[in-house]
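Here's the structure, in structure tokens; my notes come after.
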There are 4 protein chains.
Amino acid sequence: MIKARPEPGATLAEMELPKIQNDEVLIEVKSAAVCGTDVHFFQWDSTAANFPVYLPLILGHEYSGDVIEVGQDVEGISVGDRVSVETHVPCGKCYSCGIGNGHNCQDMKLVGINYPGAFARYAKAPSHVVYRLPAGVTYEEGSLFEPAGVAMRGIDEAHISPGDTVVILGCGPIGLVAAQMAPAVGATQVVAIDVNDFRLKMAHAMGAQTLNPLRDNVAEQVRRISGRRGGADVVLEISGAPEVYDYLFDLLRPEGRVVTIGHVSRPISLNVSRQINLKGVSLKGVFGRRIWETWEHLSSLVAAKRIDLSAVITHRFPLEAYEEAFAQAHGRAGKILFVP
Amino acid sequence: MIKARPEPGATLAEMELPKIQNDEVLIEVKSAAVCGTDVHFFQWDSTAANFPVYLPLILGHEYSGDVIEVGQDVEGISVGDRVSVETHVPCGKCYSCGIGNGHNCQDMKLVGINYPGAFARYAKAPSHVVYRLPAGVTYEEGSLFEPAGVAMRGIDEAHISPGDTVVILGCGPIGLVAAQMAPAVGATQVVAIDVNDFRLKMAHAMGAQTLNPLRDNVAEQVRRISGRRGGADVVLEISGAPEVYDYLFDLLRPEGRVVTIGHVSRPISLNVSRQINLKGVSLKGVFGRRIWETWEHLSSLVAAKRIDLSAVITHRFPLEAYEEAFAQAHGRAGKILFVP
Amino acid sequence: MIKARPEPGATLAEMELPKIQNDEVLIEVKSAAVCGTDVHFFQWDSTAANFPVYLPLILGHEYSGDVIEVGQDVEGISVGDRVSVETHVPCGKCYSCGIGNGHNCQDMKLVGINYPGAFARYAKAPSHVVYRLPAGVTYEEGSLFEPAGVAMRGIDEAHISPGDTVVILGCGPIGLVAAQMAPAVGATQVVAIDVNDFRLKMAHAMGAQTLNPLRDNVAEQVRRISGRRGGADVVLEISGAPEVYDYLFDLLRPEGRVVTIGHVSRPISLNVSRQINLKGVSLKGVFGRRIWETWEHLSSLVAAKRIDLSAVITHRFPLEAYEEAFAQAHGRAGKILFVP
Amino acid sequence: MIKARPEPGATLAEMELPKIQNDEVLIEVKSAAVCGTDVHFFQWDSTAANFPVYLPLILGHEYSGDVIEVGQDVEGISVGDRVSVETHVPCGKCYSCGIGNGHNCQDMKLVGINYPGAFARYAKAPSHVVYRLPAGVTYEEGSLFEPAGVAMRGIDEAHISPGDTVVILGCGPIGLVAAQMAPAVGATQVVAIDVNDFRLKMAHAMGAQTLNPLRDNVAEQVRRISGRRGGADVVLEISGAPEVYDYLFDLLRPEGRVVTIGHVSRPISLNVSRQINLKGVSLKGVFGRRIWETWEHLSSLVAAKRIDLSAVITHRFPLEAYEEAFAQAHGRAGKILFVP
């Protein structure tokens, strides 16, 4: 599936097998998931312009598969390995990489954006961003490691203490995974907020309390739930909806923590004095997963069945049905997969 | 129950109701648990000498009850409140207290050691160490907040990451509670080690994998369980048995973390170069609970039924049967309570 | 000096000596500094409305003096002690206080806002917010511990690593103190930014590199100074000027840290996606000083002459000249003191 | 200089220029420093046996020089670069490397131990452990980055707060560098302890207070210096002398922190209960430098002249005088260099 021109849509084409460099591997794709970013690119909307896309491009960066060929300098990965792939390809040379922030490399490539993606039968990948799946993890689960890793990173950065009240804004696939992770790391109250009742229902099925700001006074309800703490200890902003910033900071207790993950399409208005300073708020923006710390955390939780990634999958399509798949991404859907 | 003389044993006597100061409260004791320290004092063994005991003394510092009287300067606590009590009474004036380390105050009083304890019908307590039990927590559970708080503090100081392998050395009541807490905060492999099969069985019932160093090569087993991590991420030493230091550091992966809680009766031998430096080990000694941070964490986990403190209780006695109770503390026992 | 009515100005009056409660002390004021908040209240501008002021009120909350009387329940403070006072009076009972966040207490009193202040000959203070000055620290320095403590807290929350590049936005008294502290804790590049050249000159005299956004392309200059880090490691926002948010996030390297201290008079516009998420920014709002951790850090730096608080003082007035003093606060001034 | 046999001494030989692999570089050595480990190997004493040495071996792992050849896969390093080299060569594949602990890699090579060292005219090095020296840093300083990096790592792991009292046990080159770093990152009291008065004099010249346990009651003196803190906030153990563990923990305040760096030749005796638990001590063992975080911290401090590495150099020899150099290492010496 190729994104050839800066306009809505994409095309399907038969291509030659990618040629790999000495430090790359070739992967037979077994499952590839549709990310919100893919949808932006597919539709070529205003958000797409924020990313350094080079067309023509094969979209798709959340996937798993079998290694079928390895470059001559590759160590530690073999033909036959079941793998998933990190989207952020660090250069390994810059200051960020040097101090352990390869996920925010100053000279980064991004799979499916400026490096060929995985909505295809075969995909190549730099060997140093290939992660071997533990035994017992399925290909479908493995194709969700990349987005679930965003949830994991958000949870890690939230520094949840035992007994915390955690609010999750946005119940798309990442939010739904975060809603499973929060109790798995010690939160005792998890409140999921969305305007989409289909997604709230999924969150509820995963054990979260749910609120819909179209119906509920969310600030009041979160304060009630959090009791004498006076608000949530942690808010994870995953929706990307600018409206949530109207009430987000009211959900927090004094000295509460916010992690922002969702990309917001337009600037929001912030009262620094009242919403940040007087409340003593900590805020952390998340881009990508720590390599490989985040992956190890996630992988262990999945392998131990402490979270169930498959529960967020609602649709599976062959690559040929890509138009239907992308159309579905706007409706009553969790995660949508392309499977062979 | 009074410890009057520096020799084994104690006596029971009818006493006048304690008179409270302006900043104290009077509590009707509903449940009081026997701590290892109480056993040391009862038997007056070599460990007792490490503590600043002033005789005659009422033993007992793990308890809960109802407030039946409050001093005239007391705010925030009322007659009828269901409460538990922190053993470490901070002075509030010293440098330690000033920087938030009241649990290790430089001029600390200790309930049941140099402040009257709670193996009695009524006990007084300084109001600033009284903690109100949340609704739904029983008196018996409340009387275990103090020792369970040691487990909670150990877990907090261990900085467990999602997916960690956690080893618990010693399956007494604190170890058994820690074995429940570790998975509740994200550990996916919990290995409980003890030489007492009765206690190992209790640990197993709480979901831990169990090893007995009398039968098992514990270092080898832990390495196997932890897979390519090469050892446990975290070891909690709760046994106080000097023998465990022979293998404790072999259980850890490089850069692993140790929390020591158990009081060891004799010095141990440590190879700093091999066991600490080359391995990059972090070690933290724990004394008491952070006031009230640790209590809040614990209290939330108990109230949310994420851990079950009652599962570590094996015996209940009236205070009159104190000799039988202390005799039992050496056998097949978890936690032993005095209940009215 | 009394603020009696919700309008510009104040009045001077002879009053009776304050009567102290059992847990309060009476202080003869030796030096009292004018804070920006005092100016807002004096002028009764829009910012004043953000604070829970109860009129009539004695303004002034940055001061030092001698204890001349202590309440009967006061321990650890004696007549004759040289002291400074924390503005944030924690209740000691709420959840925030319980977990060590007394500086952001849920039932807080604020000296000079809803508790009588110190633009007076004598002031009373709750004993638990009184801090004894170390030997060798002058009264004038002691009266600056409260605002300098804000700088100290900002520096502490910035988690400066050895060799960091630190940008300080706003060179008022707090900014000037922060400009001294940053190198004292390991920063090797300190860049002070302000539109006021008088203040920039003071910052330069304290060793900082200086930039004026009216003349300099600050983002470009900071990137140049920070070399291959690609931006500052830390930005301390102390100016409260809404305009700085136009470029603040451009000053940072990936995964950089921001501490906001300045109260901004109107909401700012924030591009969460680009300015926070993609950059991986950490942001922390600061309100008050950790009690007493921040004070101990500051006090030690001052006593060891690692920083010189007196260098930020530019004017001294008797209380009678209060109108001149407040008029001066808008001009070429650092810190303005009232001294007897 | 070649260590050919497991016995005291070494030999000097003319060798062929090392052949580099595709991912290696060739360096013309400009300065190489003698480490304590080199001395152990030279003498072939009991400590040498703790390390995985493969003979014959070129010793020497603290050095700087000019890159004169680069392998064909090397990126980011060019002929002519002035560089220093990290001793710990991480594999990049193991769990430790994956979570950012490459300095304690599970499949690590060590320069000068099981990878050829630098007591030679030319040395090869894997390109991913080559660090480019900033402008203005001399070759001699650059050859001390490796040992000074151990001091830097110790300082980083000590989490020094502004105003801390820091004790440094052992005033060899690493201790002397640490004695300069501690005040540079905020310590206001630095106490250097050694039994060697020559080294104490050097520490004194660097601004530290000094104590000699042969003359001084060090515990009493440190308590006096630290005032009401009741002991040092931080102790850095760099001496490796087993005797210091007799009093090390008495130097600390409650909840104090210890970093151990010195390799101790025999096990020490530790009273876990009294020395660790009741005191609430944190202890961290240090092996190697975080790659490259530690190097960046150090490099910035050196480039900004906040510390002076050259001040710890006392002797310079040509490689031919190696026997004299090693003899000197036992006497009145700081750091000993081999220079061409």
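The values are calculated or read from the model by the stated rules, or taken from the named source; none is laboratory data. Computed from a prediction, not measured in an experiment: that's the story for all the values here. Cβ placement follows ideal geometry from the backbone for every residue including glycine, while neighbour counts extend to all protein chains displayed. SASA here: full protein model, heavy atoms, side chains in, ligands and nucleic acids out. Shrake-Rupley method; radii C 1.70, N 1.55, O 1.52, S 1.80 Å.
Brief remarks follow.
- Percent carbon-and-sulfur accessible area, the stretch C:23-70, ignoring ligands, DNA and RNA, probe 1.4 Å: 50
- The B-A contact accounts for approximately 1400 Å² of buried accessible area, totalled over both chains at a 1.4 Å probe radius.
- Pairs of alpha carbons in the protein assembly as shown whose separation is greater than 61 Å (percent): 14
- Of the trypsin sites (Lys or Arg not before Pro) in the stretch C:1-37, those whose Cβ has at most 16 other Cβ within 10 Å and which sit in DSSP loop: C:19
- The rotation axis taking chain A to chain D passes closest to the C-beta of one chain A residue; that residue and the distance in whole Å read A:100, 2.
- Residue B:230 label point (Cα plus 7 Å toward Cβ) to equivalent points in the other copies: 3.0, 3.9, 4.7 nm, shortest first.
- Sequence-distant residues sharing a close amide H with residue C:115 (under 5 Å, placed H): C:110
- Beta-bridge orientation, chain A: approximately 50 percent antiparallel, per DSSP, counting only bridges with both partners inside.
- Simple Cβ-charge dipole of chain D, Lys/Arg +1 and Asp/Glu -1, about Cα centre, in debye nearest 20: 1020
- Amide H contacts under 5 Å for residue C:190, placed H, 5+ residues apart: C:166, C:209
- Accessible area per residue was computed with a 1.4 Å probe on protein heavy atoms; residue D:54 scores about 150 Å².
- Here chain B is described by how far its Cα atoms reach on the three principal axes: 61, 39, 36 Å, from widest to narrowest.
- Zone of residue D:28's modelled label, taken as backbone nitrogen in the stretch D:101-133 under 11 Å from a point 7 Å along Cα→Cβ: D:122
- Share of carbon and sulfur in the accessible area of the stretch C:253-331 stands at 47%, probe radius 1.4 Å.
- Loop-located GluC sites (Glu not before Pro) in the stretch D:1-41 whose Cβ has at most 10 other Cβ within 10 Å (DSSP): D:14, D:16
- Relative contact order of the stretch B:151-285, pairs being alpha-carbon contacts under 8 Å that are 6 or more residues apart, as %: 23
- Percent RCO, i.e. relative contact order, over chain A, from Cα pairs under 8 Å lying at least 6 residues apart: 17
- The charge dipole of the stretch D:151-285, taken about its Cα centre with unit charges on the Cβ atoms of Lys, Arg (+1), Asp and Glu (-1) only, comes to about 180 debye.
- Solvent-accessible heavy-atom area per residue, rounded to whole Å², over the stretch D:151-285 at 1.4 Å: 31
- For the listed peptides A:159-165, C:178-184, a ranking on the average number of other beta carbons within 10 Å per residue, highest first, reads C:178-184, A:159-165.
- Relative contact order of the stretch C:145-219: 27 percent, from C-alpha pairs under 8 Å at least 6 residues apart in sequence.
- Rough spin-label spacing in nm, given labels placed 7 Å along Cα→Cβ, for residue A:7 and residue B:228: 4.7
- Annotation note: GluC sites (Glu not before Pro) in the stretch C:233-291 located in DSSP loop regions with a Cβ neighbour count of at most 14 within 10 Å are absent.
- Across the identical copies, how the residue D:265 labels are spaced - nm, sorted shortest first, 7 Å along Cα→Cβ: 3.5, 7.2, 7.3
- For the stretch B:194-251 and the stretch A:172-245, distance of Cα centres in Å: 38
- Chain B - mean residue ellipticity at 222 nm from DSSP helices (-39,500 (n - 2.57) per run, n ≥ 4, rounded to 500): -6500 deg cm²/dmol
- Nm distances between copies for residue B:331, ranked from closest, using label points 7 Å along Cα→Cβ: 6.9, 7.3, 8.9
- Hypothetical label at residue C:159: residues of the stretch C:279-305 whose amide nitrogen lies under 14 Å (7 Å Cα-Cβ projection): C:280-285
- Range of Cα positions in the stretch A:151-285 per principal axis (Å), largest first: 38, 33, 28
- Percent of Cα-Cα distances greater than 19 Å, calculated over the stretch B:254-340: 67
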